[in-house]
């Protein structure tokens, strides 16, 4: 195999790994959000203070926005490598 083909294969492997990392990060993010929503739901269902739940939802909304921005940045950076 010539060096040019090997370099192209190595570059493709690197890009696939970067994409895999972004996808895994997105899955972790979504799993975390689902868990946080479930915890807030349980808290409210078990007689938790509504004001505390609202504060938790507000914090979760802020986290969602920050994570969305971070994920968008990662996806954009990954696509620019291609």
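Based on this model, can you work out whether residue 22 counts as surrounded by 10 or more Cβ atoms within 10 Å (Cβ to Cβ), free of Cβ contacts under 8 Å to residues at least 60 places away in the same chain and touching a helix residue (DSSP H, G or I) at 6+ places or on another chain (Cβ under 8 Å)?
Values: surrounded by 10 or more Cβ atoms within 10 Å (Cβ to Cβ): yes; free of Cβ contacts under 8 Å to residues at least 60 places away in the same chain: yes; touching a helix residue (DSSP H, G or I) at 6+ places or on another chain (Cβ under 8 Å): yes.
Answer is yes for this residue.
Based on what the data block shows, is residue 2 free of Cβ contacts under 8 Å to residues at least 60 places away in the same chain and loosely packed, with under 10 Cβ neighbours inside 10 Å? Can you show your working first?
Working: free of Cβ contacts under 8 Å to residues at least 60 places away in the same chain: yes; loosely packed, with under 10 Cβ neighbours inside 10 Å: yes.
Spelling it out, residue 2 is indeed free of Cβ contacts under 8 Å to residues at least 60 places away in the same chain and loosely packed, with under 10 Cβ neighbours inside 10 Å.
Residue by residue through the stretch 1-36, note down the ones that are modelled with pLDDT under 90 and outside any helix (DSSP H, G or I).
Within the stretch 1-36, 1 is the sole residue that qualifies.
The values are calculated or read from the model by the stated rules, or taken from the named source; none is laboratory data. Since the model is a prediction, treat every value here as computed from it, not as a measurement. Positions of Cβ are generated from backbone atoms using ideal geometry, with glycine treated the same way; all protein chains shown enter the neighbour counts.
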